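To start, the structure itself, in C-alpha cells.
The values are calculated or read from the model by the stated rules, or taken from the named source; none is laboratory data. In this text the structure is predicted, and so the values were computed from the model without any measurement. When we count neighbours, we look across all protein chains shown, and the Cβ atoms used for this are built from the backbone with ideal geometry, even at glycine. These area figures cover heavy atoms from the full protein model, side chains too; ligands, DNA and RNA do not enter into them. Shrake-Rupley method; radii C 1.70, N 1.55, O 1.52, S 1.80 Å.
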Amino acid sequence: AEFTELVAAAISNSASREELIRLAEEQATLRRVATLVAQGVPPSELFNAVAREVGTLFKMPLAGMLRYEAGDMASSLAAWDAGGEHPAVADQSPLAGDSLATRISRTGKPAREDAWEERTGPTAALVRDELGVRSTVGSPVVVEGRVWGALFVHSRTEPLPADTEASLMNFTELVGTALSNMQARAEVQELADEQAALRRVATLVARQSPPHEVFASVAAEVGRLLSVDDTALL
C-alpha cells in the first residue's frame, strides 16, 4: 500500500508537470502566431506559419490548412511536413461524400478520421497511400460567422489523442480572428485609397483643368484603384 501510494503521487506529479509544459508550449505557439498577425504579414506567410506551428506543437509529422470555395470546392493554403518538403497536393479538390473536409464544412465543428483505410476517393487515396496517414483531426476556421476553412494535423502511427479537437480549436479561433483583422485592414486601406483618388480628381476639377486632363486622370485613378492593366473612358 505504501508503495502504490508513492507511485500514485509520482504519477500525479508527472502528469501535472506534463500538463504545465504542454500549456506553456501552446501559449508560446499562440503568441508567435499572434505576433505575425500583429505585424500584418502576408496571408501565405501566416498560413504556412500556422501549419508549421501546429504540427510542431502536436509533435505530428504533417499539418495543413485549406479554404472552402464556391461550388463545393476546397483550396489548399498550406502544407507542412516535419521531414522537409511536403508531397505535392492538388491546388483545388471537390467536397464530396462523407470526407473529413466535407463534414467540417457542413457542421462547423471539429472532426476526426481514424480509419482512412475504409475511405474511398482521391483525397483518401492521397492521405492514406501517398502521405501514409493513419489518423487526422481537423477544426473549422470561422470568419465573421461562416466556416471559411479548416486546419488539420495528421499522425502516421497512433490515433491522435482524444483532446486534440479542443486544443486545435484554440488555433483555428486565432486564425479566424487574424483573417477578420486582415479583411478589416484591407477594407480601411481600400477606402482610404478611394478617397485619395477622388480628392485628386476633384482638385483637377476645382482648378478648372481642361476636360481631356480630367478624363485622363479619371481613367488613371480607376486603373490604380482596381489594379487593372487598361482603362478607358468613352
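Please identify the longest segment of the chain free of exposed trypsin sites (Lys or Arg not before Pro), where exposed means a DSSP state other than H, G, I, E or B and no more than 16 other Cβ atoms within 10 Å.
Result for the longest clean stretch: 60-118.
How much accessible area per residue does the chain have, counting only protein heavy atoms and a probe of 1.4 Å, in square angstrom?
Accessible area per residue: 59 Å².
Hey, if you drop one equal point scatterer on each alpha-carbon of the stretch 95-141 and run the Debye formula without solvent, what base-10 log of I(q)/I(0) do you get at q = 0.21, 0.29 Å⁻¹?
-0.67, -1.12
Per q in 0.09, 0.14, 0.16 1/Å, what log10 I(q)/I(0) does a Debye calculation on the alpha-carbon atoms of the chain return?
-0.53, -0.92, -1.09
In the stretch 53-117, what percent of the accessible surface is made up of carbon and sulfur (1.4 Å probe, ligands and nucleic acids excluded)?
Heavy-atom surface of the stretch 53-117 belonging to carbon and sulfur, 1.4 Å probe: 51 percent.
Can you tell which of 204, 147, 218 lies farthest toward the positive end of the dipole of the stretch 138-218, using +1 and -1 charges on the Cβ of basic and acidic side chains (Lys, Arg; Asp, Glu)?
The one lying farthest along the dipole's positive direction is 204.
Tell me, what HN-Hα J-couplings in whole Hz come from the Karplus equation 6.51 cos²θ - 1.76 cosθ + 1.60 at θ = phi - 60° for each residue of the stretch 172-183, using x for Gly and Pro?
Calculated HN-Hα couplings, in order: 5, 5, 5, 5, x, 5, 4, 5, 4, 5, 4, 5 Hz.
In the stretch 49-127, what GluC sites (Glu not before Pro) fall in a loop by DSSP, with at most 16 other Cβ atoms inside 10 Å?
Filter output for the stretch 49-127: 85.
Based on Cα coordinates alone, diagonalise the gyration tensor for the stretch 1-139, multiply each eigenvalue by 5, take square roots, and list the semi-axes in whole Å, largest first.
33, 22, 14
Just the projected area, averaged over all directions, of the convex hull on the alpha carbon atoms of the stretch 97-234: how many nm²?
Computed as one quarter of the Cα hull surface, the answer is 12.5 nm².
Within the set of other residues whose C-beta is less than 15 Å from the C-beta of residue 206, count the net charge using Lys and Arg as +1 and Asp and Glu as -1.
Around residue 206, the surrounding residues sum to +2.
Compute the relative contact order of the chain as a whole-number percentage, counting only Cα pairs closer than 8 Å that sit 6 or more residues apart in sequence.
That works out to 14 percent.
With a 1.4 Å probe and every protein chain left in place, tell me how much accessible area residue 213 has, in Å² to the nearest 10.
80 Å²
Might you report the magnitude of the Cβ-based charge dipole of the chain about its Cα centre, with Lys and Arg at +1 and Asp and Glu at -1, to the nearest 20 debye?
Taking the Cα centre of the chain as origin, the dipole is about 520 debye.
7 Å from Cα along Cα→Cβ at both residue 59 and residue 129: what's the point-to-point distance in nm?
For the pair residue 59/residue 129, the computed spacing is 3.3 nm.
What FRET efficiency, computed as 1/(1 + (r/R0)^6) with R0 = 41 Å and r the Cβ-Cβ distance, is obtained for residue 70 and residue 199, rounded to the nearest 0.05?
0.70
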